[in-house]
Amino acid sequence: MRKLDTTVREYHWGSRTALAELRGEPSPSPVPQAELWIGAHPDEPSRLAGCDVPLDAYLAANPAGLLGPESLAAFGPRLPFLLKVLAVAAPLSLQVHPNREQAVVGFAERGYRDDRPKPEVLVALTEFETLSGFRPPAATVALLDRLGLPSLAPMRAELSGGDTGGALRWALHTADAALVAEVAAAAAGVPALAHVVALAEAYPADAGVVAALLLNAVRLRPGQAIHVGAGVLHAHLRGTGVELMANSDNVLRAGLTTKPVDVPAVLSLVDHRTGPAAVLDGEGDGPLRTYRTPEPEFRLHTVRPGAVLGGGGPQLLLCTKGSIVVSRGGAEVALRGGESAFLPHSADAAEVTGAGEACWATTNLPGHG
């Protein structure tokens, strides 16, 4: 087991308190702190504490021994997942991630960051608000009728015909500052659309505000999670959570951002299926709670003292509250809030003691975790 040194990324939407307080640093921080990265992504690899060796280089020196044969065969000589803490004080971009085949083609032909998909699961540490996936068309039509805006008639017509993709296309290609202002004024009288008003205040000329009318608005309680698969249009709005994803940085943006957007790419990738967002309550009543998704690269668990962490495959452990000690094979690593460790492949289980809480990342392969 190796304790890790990690890096905080600073973006305008980050919090000046959440990560600072998690890590026991002065709060508020001088600038917004948005993401704590834990893993071996080449853009921001964690480093082995005490020797400053990047985790990706450490794994590359002994992939079979550190990752295990199953992970090596399934995902190659790299850590298949990336763990983050997101501290969201302002809305993130309206975005989508490619599936495996789309990522391979996009990397070869369209300048994607890498050739891997980027599905995600996020467990809330605080109350967490997000937009995720398309609401059933009839429910959105009912909301549009409450707004009563003739200017949204084309969107309503697409939805009435069951064409959510057409409604999204219309919004992203048509909405301008005048329509955003009109929608925000009308939404101010509809409590279910308070997030749309807030988005319009942050991005008063962004077509993504109108597109947000189509999406499920989700409020997670601490300990609840949401799975965001490939093609799911989403935008995180507020709160702090631990996010586990495939080890990729492929993000295609449609709006709600000052970064470049690629509306045609988003429209080509987006999953048009409708229904409730994939909210997970987790499985298990003891000190270990598991959030299962169909993604092979990762499985996320929350951990309290007394938990036994099964062996098999590479693992990351992040302390999210208080302090813990993880013990395996006669070795111990102590972690405080915001600190993390890499656990290499082993047949031995690890035990967690102390007085804190943690998140544990494993692969989703049989016999792991």
Q. Residues in region 244-258: is at least one of a type outside the set (S, T, N, Q), farther than 22 Å from Leu144 by Cα and part of a loop (DSSP other than H, G, I, E, B)?
A. yes
Q: Only residues that are charged (D, E, K, R), farther than 12 Å from Arg78 by Cβ and surrounded by 13 or more Cβ atoms within 10 Å (Cβ to Cβ): list them for region 43-66, please.
A: Glu44, Arg47
Q: Could you please let me know if Gly310 is on the phi > 0 side of the Ramachandran plot, small (Gly, Ala, Ser) and either surrounded by fewer than 20 Cβ atoms within 10 Å (Cβ to Cβ) or touching a His at 6+ places or on another chain (Cβ under 9 Å) (or both)?
A: no
Q | Those residues of region 334-366 which are surrounded by fewer than 19 Cβ atoms within 10 Å (Cβ to Cβ), β-branched (Val, Ile, Thr) and closer than 13 Å to Ser71 by Cα, in sequence order | A | none
Q | Residues of region 104-125 satisfying the condition of being of a type in the set (A, V, I, L, M) and either surrounded by 24 or more Cβ atoms within 10 Å (Cβ to Cβ) or part of a strand (DSSP E or B) (or both) | A | Val121, Leu122, Val123, Ala124
Q: Go through Gly223, Gly241, Gly282 for me and flag whichever is surrounded by 22 or more Cβ atoms within 10 Å (Cβ to Cβ), assigned by TED's automatic domain parsing to the domain that holds Lys84 and closer than 23 Å to Glu127 by Cβ.
A: Gly241
Q: Would you please list the contacts, defined by Cβ atoms under 7 Å and residues six or more apart or on different chains, that run from a residue in region 25-47 that is part of a strand (DSSP E or B) to a residue that is among the acidic types (Asp, Glu)?
A: Gln33/Glu10; Trp37/Glu44; Arg47/Asp5
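The values are calculated or read from the model by the stated rules, or taken from the named source; none is laboratory data. Since the model is a prediction, treat every value here as computed from it, not as a measurement. Using ideal geometry, Cβ is built from the backbone for each residue, glycine included, and neighbour counts are taken over all protein chains shown.
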